[in-house]
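Colleague: What follows is a structure written as structure tokens; I'll ask about it next.
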């Protein structure tokens with residue numbers, strides 16, 4: 001596979017609304033099942049159980065807010081295309097982003113067996129997602145140990161990211177926080193190959209970044225400028241280019257292990273070639 | 001039950017090492033099972049399955065560090081008495097605390113079905129805990145849907161706290177951060193009754209508080225002083241007294257809902273009597 005082709009595949013040019021009609025839910029359901037199966041080695045029985053779930057294909061326009069009590073009430077999503085964040089507004093209207101959800105990731109998984117409280121979600125791009133009834137996923141987890149395993153692992157991954165973000169917010173400088181966040185996004189948007197550099201689409205504004213790490217927009221802008229002035233990264237429009245992942249990671253103290261609890265996805269890439 | 005008696009029961013005077021020999025693991029196992037059963041309405045079959053697990057009683061001295069790769073390798077704990085925190089040291093030696101574990105809470109639950117990475121734990125008091133083999137708990141979750149439910153809910157609670165802490169670190173002032181943390185500790189150490197005031201033991205130093213919210217010790221000290229000067233709280237030795245929970249909660253923007261995903265434990269207390 002050529003680098004260019006790989007790039008196109010991993011950094012999807014986010015689809016337009018019209019493309020929605022071209023997406024076949026049954027086919028997408030199968031593709032997602034296949035992707036999960038590749039990561040977790042699903043038995044045929046478990047694949048069949050997953051493919052038998054009722055599923056809707058949902059399209060959300062960019063820049064919409066959704067609520068886990070309204071639009072996503074008793075629903076879990078798997079994102080096919082796009083980027084969603086979870087956020088909370090404080091009583092004085094300040095927003096804090098507590099999670100991002102990238103393609104192939106579950107949204108609202110914490111509601112599977114418990115009330116997860118009310119959260120708002122925001123679509124940063126047009127999004128296409130498969131939508132499952134929470135109750136059906138819960139039944140699947142109960143009746144099929146392989147799926148109980150998978151859903152727990154997906155949830156444990158989300159928890160590990162939240163814990164890492166606590167460290168990011170609590171102990172790191174602005175430059176380190178922004179560097180860590182961008183490297184995490186590069187990995188989660190599957191942009192990192194075995195090359196030393198990486199280019200990826202970042203459908204976030206500087207205010208989004210600020211509201212994720214808890215810095216002011218000015219401090220965020222200054223941190224990005226410092227990284228740019230050190231040639232650690234370039235930003236052009238919505239694209240980010242990191243010339244040397246290894247160098248940036250070392251500089252900002254990024255360790256990708258928390259993103260790879262199953263030790264599969266990061267295999268054979270730059271991070272495992274180097275001694276972090 | 002008199003208020004005094006309730007107070008003693010809830011704010012346990014942390015036991016000394018000698019008391020360890022007085023604790024009967026079989027009895028404690030049954031007591032924990034009964035407590036969980038009261039919260040989640042366990043069937044007799046599920047109670048029996050839990051009581052049939054192999055369990056060790058462990059005593060840890062105060063101020064010890066434990067690792068999820070060493071002392072807690074393939075083990076989950078339920079704390080009977082004491083306070084444990086989970087923390088990570090940054091490469092320049094700065095500590096950040098990402099979780100606390102109070103009596104009746106599970107420790108290391110994220111390792112149940114996945115590798116949760118290496119974390120260090122710290123005992124802030126002498127601790128007594130029941131220790132389970134992770135593999136046995138995982139088998140219990142697979143064979144018994146009621147337990148799959150409970151373990152997921154416990155984990156979802158831990159996740160909800162981590163998300164709330166992200167908001168605390170990201171968007172709140174020092175005074176608000178410290179106020180929110182102290183109110184959470186008051187609830188999780190079961191100190192809150194139906195009275196408007198609360199007194200509880202806080203086995204944490206100001207540096208522990210600082211390393212939890214990501215403030216400097218000086219900023220933490222100043223925030224505590226502000227709360228004291230406003231008569232929001234008093235601290236005497238290791239005891240904290242909050243004269244009006246409602247007033248402090250309003251002032252620092254604390255909403256206890258995230259601590260009560262099952263809507264059981266907070267029933268009949270001050271928080272549900274008021275319109276938050």
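Colleague: For the protein assembly as shown, what is Rg from Cα atoms divided by 2.2 N^0.38 Å, rounded to two decimals? Let's see the in-between values first.
Modeller: Numbers: Rg = 23.6 Å, N = 552, 2.2 N^0.38 = 24.2 Å.
Normalised by 2.2 N^0.38 Å, the Cα Rg of the protein assembly as shown equals 0.97.
Colleague: What is the angle, in °, between the Cα long axis of helix A:134-143 and the longest principal axis of the Cα atoms in chain A? Nearest 10 is fine, range 0 to 90.
Modeller: 70
Colleague: Along Cα-to-Cβ, 7 Å out, sits the label point; list in nm, shortest first, how far the one on residue A:26 is from those in the other copies.
Modeller: 6.0
Colleague: If each label sits 7 angstrom from Cα along the C-beta direction, how far apart, in nm, is residue A:102 from its counterparts in the other copies?
Modeller: Nearest to farthest, the other copies are at 3.6 nm.
Colleague: Would you tell me the mean number of C-beta atoms belonging to other protein chains that fall within 10 Å of each C-beta in B:151-162, as a whole number? Intermediate values should be presented prior to the final figure.
Modeller: On the way: counts 2, 11, 5, 1, 7, 11, 3, 3, 11, 7, 1, 9.
Other-chain Cβ atoms within 10 Å of each residue's Cβ, averaged: 6.
Colleague: Something else: Kindly state, as a whole number, the per residue volume in cubic angstrom of the convex hull around the alpha carbon atoms of the range A:56-107.
Modeller: On the way: hull volume 4.5 nm³, N = 52.
Taking the convex hull of the Cα positions in the range A:56-107, it is 87 Å³ per residue.
Colleague: May I ask you to compute the full-extension gain from residue B:70 to residue B:216, defined as 0.36 nm times their residue separation minus their alpha-carbon distance, rounded to one decimal in nm?
Modeller: Values: separation 146, 0.36 × 146 = 52.56 nm, distance 3.06 nm.
Answer, rounded to one decimal: 49.5 nm.
Colleague: When the C-alpha atoms of the range A:14-166 are aligned to their principal axes, what extent does each axis show, in angstrom, from largest down?
Modeller: Taking the Cα atoms of the range A:14-166, the three principal extents are 51, 37, 26 Å.
Colleague: Cut-off is 10 Å between beta-carbons; in what order do A:127, B:33 appear when sorted fewest neighbours first? Don't skip to the answer; put the middle values down first.
Modeller: Numbers: A:127 26, B:33 19.
The order, fewest Cβ neighbours first, is B:33, A:127.
Colleague: Round to a whole angstrom and tell me the spacing of the C-alpha centers of the range B:174-191 and the range A:74-141.
Modeller: 27
Colleague: Would you work out the relative contact order for chain B, in percent, from Cα pairs under 8 angstrom that are 6 or more residues apart? Display every interim value, and only then the final one.
Modeller: Details: 405 pairs, mean separation 50.7, N = 276.
Here the relative contact order equals 18 percent.
Colleague: Sticking with the crude label model, points 7 Å out along Cα→Cβ, report the distance from residue B:136 to residue B:196 in nm, one decimal please.
Modeller: Result for the modelled spin labels: 4.9 nm.
Colleague: Suppose R0 equals 60 Å; then what is the FRET efficiency for residue A:52 and residue B:173 from their Cβ-Cβ distance, rounded to the nearest 0.05?
Modeller: 0.75
Colleague: At a Förster distance of 51 Å, what's the computed FRET efficiency of residue A:94 paired with residue B:26, Cβ-Cβ distance as r, to 0.05? Don't jump to the answer; show the numbers that get you there.
Modeller: Working: r = 51 Å, r/R0 = 1.00.
According to the calculation, E is roughly 0.50.
Colleague: If I take R0 = 60 Å and measure r between the Cβ atoms of residue B:45 and residue B:250 in this structure, what FRET efficiency does the formula 1/(1 + (r/R0)^6) give, to the nearest 0.05? Display every interim value, and only then the final one.
Modeller: Details: r = 45 Å, r/R0 = 0.76.
Result of the calculation: an efficiency of 0.85.
Colleague: Say each of residue A:239 and residue A:62 gets a label point 7 Å from the Cα, pointing the same way as Cα to Cβ; how far apart are those two points in nm?
Modeller: 1.6
Colleague: Sort shortest first the distances from residue A:73 to its counterpart in every other copy, using label points 7 Å along the Cα-to-beta-carbon line, and give them in nm.
Modeller: Sorted ascending, the copy-to-copy spacings read 5.0 nm.
Colleague: Then there is this: Could you tell me whether chain B comes out rounded, prolate or oblate from its Cα gyration tensor? Rule is a ≥ b ≥ c as square roots of the eigenvalues, rounded for a/c under 1.5, then prolate if a/b exceeds b/c, otherwise oblate. Each step should come with its number before you reach the end.
Modeller: Values: a/c = 1.61, a/b = 1.36, b/c = 1.19.
Since a/c reaches 1.5 and a/b is larger than b/c, the shape of chain B is classed as prolate.
Colleague: With a ≥ b ≥ c the root eigenvalues of the C-alpha gyration tensor of the range B:123-175, is it rounded (a/c under 1.5), prolate (a/b larger than b/c) or oblate?
Modeller: Numbers: a/c = 4.36, a/b = 1.69, b/c = 2.58.
Oblate.
Colleague: Specify whether the C-alpha gyration tensor of the range A:79-134 places it in the rounded, prolate or oblate class, a ≥ b ≥ c being the square roots of the eigenvalues: rounded for a/c under 1.5, otherwise prolate if a/b is larger than b/c and oblate if not. Write out the running numbers ahead of the final one.
Modeller: On the way: a/c = 2.66, a/b = 1.24, b/c = 2.14.
Taking the square roots of the gyration eigenvalues as a ≥ b ≥ c, the range A:79-134 is oblate.
Colleague: Per DSSP H run of n ≥ 4, the term is -39500 (n - 2.57); total these for chain A, divide by its residue number, and report the mean residue ellipticity at 222 nm rounded to 500 deg cm²/dmol.
Modeller: It lands at -13000 deg cm²/dmol.
Colleague: Also, I was wondering about something else. Looking at the range B:151-209, what % of the alpha carbon pairs are farther apart than 15 Å? Numbers along the way, then the final one.
Modeller: Numbers: 1025 of 1711 pairs.
Every Cα pair in the range B:151-209 considered, those over 15 Å come to 60 percent.
Colleague: If you don't mind, there's one more thing I want to ask. Please tell me the relative contact order of the range B:173-273 in percent, rounded to the nearest whole number, where contacts are Cα pairs under 8 Å and at least six residues apart.
Modeller: Details: 113 pairs, mean separation 39.0, N = 101.
Relative contact order here is 39 percent.
Colleague: With N denoting the number of residues in the range B:173-273, provide Rg(C-alpha) divided by 2.2 N^0.38 Å, to two decimal places. Provide the component values of the computation, followed by the final result.
Modeller: Working: Rg = 13.0 Å, N = 101, 2.2 N^0.38 = 12.7 Å.
It is 1.02.
Colleague: Please compute the contact order of the range A:75-174 in relative form: average sequence separation of alpha-carbon pairs under 8 Å and at least six residues apart, divided by the residue count, as a percent. List each step's numbers first, then the result.
Modeller: Values: 136 pairs, mean separation 31.4, N = 100.
After rounding, I find 31 percent.
Bear in mind these aren't lab numbers, they're just calculated from the coordinates by the rules spelled out. The shown structure was predicted, so the numbers you read here are calculated from the model rather than taken from an experiment. Here Cβ is always computed from backbone atoms with ideal geometry, including for glycine, and neighbour counts include all displayed protein chains.
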